[in-house]
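These notes concern the structure reproduced below.
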Amino acid sequence: MHATLAPSPPSQPTVISNYIWQHQRRYREAAQNIAQALFDALDDDLHPHVQLLALPMDPAAGLPTCQEPAESDLPCDIFDGAVARGLERQQDMRPPTALAFDSEMSPALLRQRYENYGVRTVVQELLNTLDEGTHHQHFISWPVRVGGYFVFTLLQVRRKPLRSYPSLQPNRFYTSGKPLANSLLVAAMYRFNEECLKSLTEPEPGAGFLFRPRETEELLRAAGKSLLDTPAHALGADPGVANLFYTLNTISSLRYEGSEGIGRLLLAQRGHPNVEEVFALTCPTELSDYRAVRKLLEMTSHDVHLLADGEKVYALGRQVGHYNAHREDLFDIHFVKHYAWEFSHAGQVLLRARYGLPNLPRPRLNRTRFKRDLKRTFDLVKPEKITHLWDVVLEASRQPSGTLLVITTEALAEADRLKLQCTLIEPVPLTPLITQLITSIDGAVLLDPDGYCYSIGVILDGVATGNGNGTRGARYNSAMRYVESSPYPCLVVVVSEDGMVDVLTKENLAESRIA
């Protein structure tokens, strides 16, 4: 017999005995909200879905397998015998790098850890089998023992976006045995699972999520830190001492005699075959000496970079020869702009950080998403018009100083209303060349859904709504105010100086606030 953690549908009597603990439903809902906000901030195509799975700890007790929510599509039958197999297999599953154990851990706690590991491994294998041939993938937390059950928090995400980002090799571990993250997405999943585990192991399981929910930015920073521990570990540095994510954020935030830091830092052990020193420092500079490193960054050029071993800058030099990416012992930190940097390996960007927040290296523009936004905002479906606007936006996204494109159905009326704070031009259909010219000056470009431009250098207005983003600049926030207060259908493309591109519509902004 199988049961669910939630009450039966309204047409059936509610079975209160199916509940395992007091906060289970609200915990699942809170975990879903946290996952939604976290993974939408990374890639809103991931569509995270959180479920609970509870398997009886004693296979002979006759207790049912339970799930939350009731409409879960996981077939309970597949988990029959999973606990028994996990308890049997854990006897042979004792890899020293897979579990972090204290040498003074009691035999009972040690046995419990191994049992958890064995059962979790079997359940993850079953989920992997279920995921074959589907468009999604499940990730499972460590089990928590509640009311005679192994309770798992399952995170399901879409497979395509998950696999669209570069990553490092898996199966690396801290010296304590805790797994290292090989991508920002994996780091975010680790952080989510850790928060779930922490909440469920409190005296009132799950209550922490109800009263102390984790902020998305806090989890993102923790995920960024986890990912940057991986290169530190690969170079033999102590990740806790190096604290690369915080260190690089701090260096990128500093100015030297008023100028922003732009340049590269290569992370590699001294003597690496693909690194050539131009000159060495007699006394290597600690990476934690932020101002000294920022000053050294002034000496870098397009091909001469700072060289560091994860803890100290030891020379200036360049990358040479053909690097074997399988080594994973040479990493590139590119300081792009003030408070913006990228972490790369073998030419592939793994993380972009802006104002202390990490992000995935998403494409500057997503054509499918842009097409969707045009349809939702203007009911625009004609392929030739969509292609025309896409070409305009694509050209604008290449503007190195950033720009704003405002597409609105009332472009002519808005040009007249804002005529004292813009330059009016004769209506002209935009081409890539014209777009390149008119986006080279400050201010927004005003055009209609047919691609005709009516004014340039527009200073946008808008009513302050209290929904601004303090981590973004004036260009982004003025665009947000304009979109939210515009009485007409409106879409704004924000191209930031650091290359980030945002498409703002009323629907997009509303969805981001809900998430």
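Where a number appears in this text, it was derived from the coordinates with a stated rule and is not lab data. Nothing here was measured: the structure is a model prediction, and the numbers come from that model. Don't worry about glycine lacking a Cβ; one is built from the backbone with ideal geometry, like all the others, and counts go over all protein chains shown.
A few notes on this one:
- Cβ-placed point charges (K, R +1; D, E -1), dipole of region 234-359 about Cα centre in debye, nearest 20: 320 debye
- Rounded to the nearest 500, the 222 nm mean residue ellipticity of the chain from helices alone is -10500 deg cm²/dmol, with -39,500 (n - 2.57) taken per DSSP H run of at least 4 residues.
- Label of the coordinate-derived value, Cα Rg over 2.2 N^0.38 Å, listed as (i) 0.98; (ii) 1.05; (iii) 1.12: (iii)
- The order of 322, 272, going from fewest to most other C-beta atoms within 10 Å of their C-beta, is 322, 272.
- Fewest-first ranking of 305, 326, 233, using other Cβ atoms within 10 Å as the exposure measure: 326, 233, 305
- Out-of-range pairs (alpha-carbon distance over 21 Å; input 160/225; 371/506; 198/225; 160/371; 178/312; 375/419): 160/225; 178/312; 375/419
- Contact order, relative form, for region 234-359: 31 percent (alpha carbon pairs under 8 Å, 6 or more residues apart, mean separation divided by residue count).
- At full extension, residue 89 and residue 172 could sit 27.6 nm farther apart than now, given 0.36 nm per residue minus the alpha carbon distance.
- Antiparallel %, DSSP beta bridges [both residues in the chain], to 5: 90 percent
- Taking a sphere under 15 Å around the Cβ of residue 458 and counting the other residues whose Cβ falls inside, with K and R at +1 and D and E at -1, yields a net charge of -2.
- Inter-label distance for residue 61 and residue 210, nm, one decimal - labels placed 7 Å from Cα along Cα-to-Cβ: 2.2 nm
- Alpha carbon convex hull of region 234-359, projected area averaged over orientations, nm²: 7.3 nm²
- In terms of other Cβ atoms within 10 Å, 456, 441 run from fewest to most in the order 441, 456.
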